[in-house]
Structures are given as structure tokens and as C-alpha cells.
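Everything below concerns the one structure shown next.
The values are calculated or read from the model by the stated rules, or taken from the named source; none is laboratory data. Bear in mind the structure is a predicted one, so any value in this text is a computation, not a measurement. In this analysis, Cβ positions are derived from the backbone assuming ideal geometry, glycine residues included, and neighbour counts consider all displayed protein chains.
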Amino acid sequence: MRLLEERIQRDGIVRAGNVLKVDSFINHQMDIGLFEEMAKEWKRRFSEKPINKILTIEASGIGIAAIVAREFQVPVVFAKKSQSINLDADNFVTKIRSFTHGREYEVIVSRKFLGSEDHVLIIDDFLANGCALMGLLEITQMAGAAVEGIGIAVEKGFQEGGRLIRERGIQLESLAIVESMDDETGEIHFRAQE
């Protein structure tokens, strides 16, 4: 998606350790107009799918997923990263390792919000090694839900996550795929897409 690539080129910051900061428009301060355009693009790419639920993981995916859910006119469910007193006891639970935070989390979704009748579109802001997505896929499998596809804002194409998801035969639609980036020059190169 050219609009997103241009925004990353203009406002993204490359840091050492394969870190791409997009916090001024995606995952700290959010550009809702940009999110709306992204949602329209995913709606176009998944228009033939019987999606009845959007699934994401807290926290950075929630804003994007909410706008996508509005576009599809379906509810959004987000996986929580910690147990809290307002969660029921009947949950799907798995563990994931966060690239960004460098630690392991329990990921929790209440059984009352995800079941075998659901056709899920998973939405997230970043795809690097794929750990968060693998956790969400595990939870949907536990629930017996059908994963109709995955929408990612920014995929790091030089890391293995995208390949792992595509090898499972899941439709993965990343709106910007970073092929390479250089923390010394700040240069970002994108994979050509249709």
C-alpha cells in the first residue's frame, strides 16, 4: 500500500537491532485517517471471505483492529496479555514471546468471545518473527474457529514470520513489507507488491 510505505519513509525511524519506530502514526500516536485507508484496503483484499470477527492482541493492534472491525461491521476481540480480576475463569490461554519487549507473555481470550462458529480475520500492527501470530493461531485452533486471513500493517520481510505464516497456507496481506533497513543511514526499502 503506497500510502503506508510513503508514511513509513517520511516518519519512520530505523534503530539498531532491526527496530522500526512508527510510534508517531501507528503504535503510540495513531493516525485514524491512515487506519481508515488501511481498513478499506483489507476489506478489498478479504471481500470474498465470510468474516464475522476481528481478532488482535493488546496493545498496539487494538486501534487498527477497531477501525477494521468498523469497516467489516463485525466485533473485535483482543487477546489480553495478563490475567485480571474482570476475566472469567473459562479462557483459551497460550504463551508467546514478544520481539518488542523481549519477554514471554500469557495470551488470554475468553471462550465466550471466540468459538467454532467464528470466521476470524487476525489484524496486527507488525509481523517480525511471527510469535504473536502463532499464539493467536493457536488460540483460534483451540476455539475451533476458522482463520480466514491475517492483515498486517508492517511486515519485516527479512525476518521469518511472514514465511512461516504463508507456509501454513493462510492468506497473509501485509500492507507494507520492509525488505531491508539500515540504522546508520535510516534507509528503508520495501518489497514490491501488486
**Identity of the residue in segment 13-41, part of a helix (DSSP H, G or I) and in contact (Cβ under 8 Å) with a residue 40 or more places away in the chain, that ends up surrounded by the most Cβ atoms within 10 Å (Cβ to Cβ)** = MET38
**Item:** strands (runs of 3 or more DSSP E) fully within segment 84-175 counting 1 or more residues that are at pLDDT 95 or above and buried (at least 16 other Cβ atoms within 10 Å of the Cβ)
**Value:** 119-127, 146-156
**Message:** Just checking, does segment 42-58 include any residue being touching a helix residue (DSSP H, G or I) at 6+ places or on another chain (Cβ under 6 Å), among the charged types (D, E, K, R) and within 28 Å of ALA143 (Cα to Cα)?
**Reply:** yes
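Restricting to segment 176-189, count the residues that are part of a loop (DSSP other than H, G, I, E, B) and polar (S, T, N, Q).
Total satisfying the criteria: 1.
In segment 42-56, which residue that is over 18 Å from GLY157 (Cβ atoms) and surrounded by fewer than 19 Cβ atoms within 10 Å (Cβ to Cβ) is nearest to the chain's Cα centre (by Cα)?
Within segment 42-56, the subset over 18 Å from GLY157 (Cβ atoms) is 42-44, 46-56.
Now drop any that are not surrounded by fewer than 19 Cβ atoms within 10 Å (Cβ to Cβ), which leaves 43-44, 47-50, 52.
Working: LYS43: 15, ARG44: 17, SER47: 18, GLU48: 20, LYS49: 18, PRO50: 19, ASN52: 17 Å.
Here the residue is LYS43.
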